[in-house]
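Beneath this line is the structure, given in structure tokens, with notes to follow.
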Amino acid sequence: MHHYHQDKWQKYIDNELEQWEVQLLEEHLYQCDECMNVYLSLLEGANPLEEIEPSLDFTSKVFEELNLELPSTTKNEPYDRKVLFKYYVVAASITMVLMYGGIFDLFLTEVPRATSEMISSSKRVEEIVPAGWSQRMLDSTFEKLELRSLKQGSDVDEN
Ligand SMILES: [Zn+2]
């Protein structure tokens, strides 16, 4: 494989190349670990003066932005509970994601199988149950609901 010289990568970093050359270099960068390493090492040493030092109140500003209180030993119990609750919510969310991940796995393996079984058995259901079965099922459901509401009404009367 043809590799580009370090000087080329430096020019690429310094934005001193033509557009077509930039494209060639970028395409090469996606495929070549060797040149990627050269590029990254150049990039690391590129602008040492521009390295950003966090200001003294950086942490408190971040906490302010996040609408969180800065941890402190003088804080009393309600604060700790609040923080614990936040951690609990985060932990619960992660657990849920993992759970759903498992459920999705189940869906991928179980649902297609169950669906194909349903499709193959649905024809039999239509053969066994005569026409109008859905209406009769609906009617009987309403009957059951009426009976239940009557029963519940009598229960209330007894109390
Ligand atoms: Zn290369």
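Read the figures in this text as sums done on the coordinates, not as results from a lab. No experiment lies behind these values; they were computed from the predicted model shown. Heads up, the Cβs are rebuilt from the backbone with ideal geometry, glycines too, and the neighbour counts pull from every protein chain shown.
Assorted remarks:
- Between Met36 and Ser60, residue separation times 0.36 nm minus the direct Cα-Cα distance comes to 5.0 nm.
- For the peptides 14-22, 26-34, residues were scored by their other Cβ atoms within 10 Å and the scores averaged per peptide; the highest-first order is 26-34, 14-22.
- Surrounding net charge for Leu17, when Lys and Arg each add one and Asp and Glu each subtract one, Cβ distance under 12 Å: -4
- Around the Cα centre of the stretch 1-49, unit charges on the Cβ atoms of Lys, Arg, Asp and Glu (plus for the first two, minus for the last two) sum to a dipole of about 80 debye.
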